[in-house]
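What follows is calculated from the coordinates using simple rules that are stated; it is not laboratory data. Since this is a predicted model, take the numbers as computed values, not measurements. Cβ sites come from the backbone with ideal geometry, for glycine too, and all protein chains shown count toward neighbours.
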Amino acid sequence: MAKRRDVKKDIDFVTFEVVSDCLTFMALNPKQDNEKAVEIIKETTEIRNELIARVNHPDGKDNPKLIKAHYRAIYEDLLKKMDEQFSKLSGLTK
């Protein structure tokens with residue numbers, strides 16, 4: 001099982017990639033409406049904070065199976081939600 005610190009680092013890495021791509025989009029496309037990109041950044045930050053809070057408060061501290069399932073669910077949510085954020089950003093480029 002991964003350490004909590006490693007899970008937090010993974011969450012930070014993936015969410016900051018979304019934020020970085022949004023900022024790059026805004027820099028490369030100054031004539032487009034950047035308000036939607038800012039909204040994506042805000043949503044990503046909220047998702048990051050929620051996931052970090054979930055990491056800090058695992059369910060079933062005494063049962064290793066429950067903890068493993070808890071962290072697996074966090075990773076699944078992270079990947080699903082960040083994929084949605086990347087899709088939203090891709091929609092802005094069309």
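So, R0 is 30 Å and r is the distance between the beta-carbons of Ser20 and Asp77; what FRET efficiency does that work out to, to 0.05?
With a Förster radius of 30 Å, E is 0.90.
Mind checking Rg over Rh on the range 4-92, alpha carbons, Kirkwood formula for Rh?
Over the Cα atoms of the range 4-92, Rg/Rh equals 1.09.
To test your reading of the geometry: what angle, between 0 and 90 degrees and rounded to tens, separates the Cα axis of helix 35-56 from the longest principal axis of the chain?
It works out to around 10 degrees.
Once Lys and Arg get +1 and Asp and Glu get -1 on their Cβ, which of Phe13, Val55, Leu79 lies farthest toward the positive end of the dipole of the range 1-86?
Val55
Counting pairs of alpha carbon atoms under 8 Å apart in space and at least six apart in sequence, what relative contact order in percent does the chain give?
For the chain, the relative contact order is 35 percent.
Using helices alone, I'd like the mean residue ellipticity at 222 nm for the chain: each DSSP H run of four-plus residues gives -39500 (n - 2.57), total over residue count, nearest 500.
Result for the chain, helices only: -28500 deg cm²/dmol.
Quote the charge dipole size of the chain about the Cα centre in Debye, to the nearest 20; the model charges only the Cβ of Lys and Arg (+1) and of Asp and Glu (-1).
360 debye
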